[in-house]
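Take a look at the structure below.
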Amino acid sequence: MALRDAAIVGYAESKIVEKSDRDIWELGAEILESLLVSTGFDKAEIDGLILSASMTGAGNPFWSQTTADQLGLELDFCQIVDIGGCSPTAALARACAAIDAGMATTVFCLYADMQASENNRRERGMQEWIQPQGYLGPPAGFGFLSRRYEHQFGLDYAMLGKLAVAQRGHAVLNDLAVEKLRKPITVDDYLNSRMIADPVRLLDSVMVCDGGSGLLVTSRRNAEKRGLAKCVVPIGYGERTNYRVRENIVDVTETGHRVAGAKAFAQAGLKPSDIASFHPYDDFIIAIMIQLEMLGFCKHGQGCAFIREHDFTHTGDLPLNTGGGQISAGQCGLAGGGTNLVEAVRQLFGEAGRRQVKNTKNALVTGIGGIPYGRNWASSAVMILTPNA
Amino acid sequence: MVTINDTLGVPREAPKGRSFAMPFWNATREKKLLLQYDPHSRLYQFFPRAAGLVSGRRDLEWRESPGRGEVFSYTVAYRAREPFRGHEPFLIALVTLDEGVNVMANMVNCDLATMTIGLRVKPYWHPLPGGMHLLMFEPDR
């Protein structure tokens, strides 16, 4: 299978900052250099580049090409993935596909965005239907979603607080997390944080930051030939965009992760109870709970009960976003999906230091991308990784 | 309890509608709500699209709707961008029209004690610069 024939041989990540005074290509060069040093690959061996979407890059329709030029990369395969927060995980899947198809041998996946300091986005979307209503975007969308969830199933906000507290504890242990958020919080702090889009609170929400990460992906054969025993292999992937879009009114508490997850688990030959650590995309805390439900860790509507029964700290039975997640490490704009992905890879390399999880048999990473009109989210991605399987 | 702003004092601009949505916007000049209807799949749809959601066909009809329905979900906006900044908190609702589509709109004449999922609502047309109107909802008492 395509996925299993590829291997992640290196990962890199920058410090996440509130606002950077550096150029995005300086950040890209830092990620690239870090990967070359850690893997021993020569720059000329990289023949593929896949970028995640970037608010900074949004002003340039030649983004992957120009970035490759800036970094001095001569390539056989070059593209950008533009499915929002799914882009980094989806870029990894596309790297595996490109390697499998013989279009590239060694692919640099670069997830960099300086959204906080240089946002070049020009709106071309739903403005005529949401701007006159004062719709703030994702916080308001998750406000609708949370209220609806509460109506259908009941919602114990203290359980969402438990997830927020666990992630914050991990950010305290992560030197690369944005400094502003590296202070422990309590469930009361969560519950008492001010409302943004009631019932969505400040401590439910990500803070847009600057930063980036990246992976170096090559064929398994190439990795073995070079004696790179330490690598991570994707063994299952599912992706769904516009789940149930042909229906006017959908249950907003049900998402594309249901189908993307089923596909990823089937490919991997695993079930939710086999998952050793969980690195879901977190733009809002409730998204984590809904993904637990959609991926089958518990039944639809039973998320709060599941959270009550489990320990999500790095020493717990289901370690959650052990770098702090985007909510506590900071969201690197549209590259933010790389933060949890790279953390999962770091854990499987056994290099997570003070927050290293015990069970490194596998890790599950997800993506969420785009907030469409009156629904939950546009794209859902699920990736299951194992150490050199 | 928090006092909710009805947002009628927010200085809104007339929206720049897309080509295929202009029948909707033009009908608001007469405070009429037009919904796209796909005769192939026999379904209404909202927001207006260039083709039918199910059929993919482009010969869609525009049918007038009384604009009655019930609240599907809602949020109270405590943070907003311009021109809404300073007008918080205000209500944004997703309303399921009786035709079976969800529409996002602000609520007027509605306090927090009244607002609830399932609340029956009727249209409230708010004038925009240039003669078009914005669809809002109020409780259908």
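Quick note: the coordinates plus some simple rules give every number you see, no bench work behind them. Bear in mind that the values here come from a model prediction, so they are computed numbers and not experimental data. Reconstructed Cβ throughout: ideal geometry from the backbone, glycine too, with neighbour counts over all protein chains shown.
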Check: Hey, could you pull the Cα Rg and Dmax for segment B:30-141, both in Å?
Finding: 15.3, 46
Check: Computed over the Cα atoms, what is the radius of gyration of segment A:9-78 divided by 2.2 N^0.38 Å, N being its residue count?
Finding: 1.13
Margin query: Please arrange A:SER14, A:SER273 by how many other C-beta atoms lie within 10 Å of their C-beta, fewest to most.
Written below: A:SER273, A:SER14
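Helix-only mean residue ellipticity at 222 nm, chain B, DSSP H runs n ≥ 4 weighted -39,500 (n - 2.57), per residue, nearest 500. What is it?
Roughly -1000 deg cm²/dmol at 222 nm, from the helical runs in chain B.
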Next item on the list: Check the straight Cα-Cα distances from A:LYS225 and name the lysines below 22 Å, setting aside those fewer than 8 residues away within the same chain.
Entry: A:LYS43
Next item on the list: Would you grab the residues whose amide H sits under 5 Å from the one on A:ALA197? Only those 5+ places off in sequence or on another chain, please, with H modelled 1.01 Å from N.
Entry: B:TYR78
Item checked: Spatially proximal aspartates and glutamates relative to B:LYS122 (Cα-Cα < 17 Å; intrachain offsets below 8 disregarded) -> B:ASP6, B:GLU30, B:GLU64, B:GLU70, B:ASP98, B:GLU99, B:ASP111, B:GLU138, B:ASP140
Item checked: Sites matching trypsin sites (Lys or Arg not before Pro) across segment A:253-308 that sit in DSSP coil, with at most 12 neighbouring C-beta atoms within 10 Å -> A:LYS299
Margin query: Please compute, for peptide B:102-111, the average count of beta-carbon atoms on other protein chains lying within 10 Å of each residue's beta-carbon.
Written below: 3
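Can you pull out the trypsin sites (Lys or Arg not before Pro) in segment B:1-94 that DSSP calls coil and that have at most 13 other Cβ atoms within 10 Å?
For trypsin sites (Lys or Arg not before Pro) across segment B:1-94 that sit outside H, G, I, E and B with at most 13 neighbouring Cβ atoms in 10 Å, the list reads B:LYS16, B:ARG42, B:ARG57, B:ARG58, B:ARG81, B:ARG85.
Å³ per residue of the Cα convex hull, for segment A:222-355?
Here the figure is 143 Å³ per residue.
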Next item on the list: In debye, nearest 20, what is the charge dipole magnitude of the protein assembly as shown about its Cα centre with +1 on Lys and Arg Cβ and -1 on Asp and Glu Cβ, if you could check?
Entry: 820 debye
Check: Could you give the semi-axes, largest first, of the ellipsoid that matches segment A:289-348, computed as the square roots of 5 times the alpha carbon gyration tensor eigenvalues and rounded to whole Å?
Finding: 22, 14, 10
Checklist line | In Hz, Karplus ³J(HN,Hα) per residue of segment B:101-112 (6.51, -1.76, 1.60; θ = phi - 60°; x = Gly, Pro) | finding: 10, 9, 10, 9, 7, 7, 9, 10, 6, 9, 8, 5
Check: When the helix-only estimate is applied to chain A (DSSP H runs of n ≥ 4, each -39,500 (n - 2.57), divided by the residue count), what is the mean residue ellipticity at 222 nm, nearest 500 deg cm²/dmol?
Finding: -10000 deg cm²/dmol
Notebook entry, point to check: What's the center-to-center distance, using Cα atoms, between segment A:65-81 and segment B:1-66 in Å?
Noted result: 42 Å
Margin query: Classify segment B:1-92 from the C-alpha gyration tensor, please: rounded if a/c falls under 1.5, else prolate or oblate depending on whether a/b exceeds b/c.
Written below: prolate
Checklist line | Dipole-positive endmost among A:ALA90, A:SER52, A:GLN291 within the protein assembly as shown (Cβ charges, Cα centre) | finding: A:GLN291
Item checked: Degrees between helix A:87-100 axis and first principal axis of chain A (Cα, 0 to 90, nearest 10) -> 40 degrees
Check: If each residue's Cβ is checked for other Cβ atoms within 10 Å, how do B:TYR124, B:TYR37 rank with the fewest at the top?
Finding: B:TYR37, B:TYR124
Notebook entry, point to check: Given a cut-off of under 8 Å on Cα pairs at least six residues apart, what relative contact order in percent is computed for chain B?
Noted result: 27 percent
Checklist line | Relative frequency of Cα-Cα separations exceeding 20 Å in segment A:100-177, percent | finding: 67 percent
Next item on the list: Taking H placed 1.01 Å from N in the peptide plane, check which residues at least 5 places from B:LYS122 or on another chain put their amide H under 5 Å from its amide H.
Entry: B:GLU138, B:ASP140
Next item on the list: Treating the angle as unsigned and between 0 and 90°, give the value, to the nearest 10°, between the Cα long axis of helix A:138-153 and the longest Cα principal axis of chain A.
Entry: 50 degrees
Next item on the list: Enumerate the whole-percent occupancy of each 10 Å bin, from 0 to the last occupied one, for all C-alpha pair distances of chain A.
Entry: 5, 26, 36, 25, 8, 1
Check: What ranking of A:HIS257, A:HIS151 emerges when the number of other C-beta atoms within 10 Å of each C-beta is taken as an exposure proxy, fewest first?
Finding: A:HIS151, A:HIS257
Note to self: Let me confirm one metric for peptide B:79-85, namely the mean number of other chain beta-carbon atoms within 10 Å of its residues' beta-carbons.
What the structure shows: 5
Margin query: Which trypsin sites (Lys or Arg not before Pro) in segment A:118-219 sit in a loop by DSSP (not H, G, I, E or B) and have at most 10 other Cβ atoms within 10 Å of their own Cβ?
Written below: A:ARG122, A:ARG124, A:ARG194
Next item on the list: Go through A:LYS19/A:LYS183; A:LYS19/A:LYS230; A:LYS183/A:LYS361; A:LYS162/A:LYS271 and tell me which ones have a Cα-Cα distance over 26 Å in this structure.
Entry: A:LYS19/A:LYS230; A:LYS183/A:LYS361
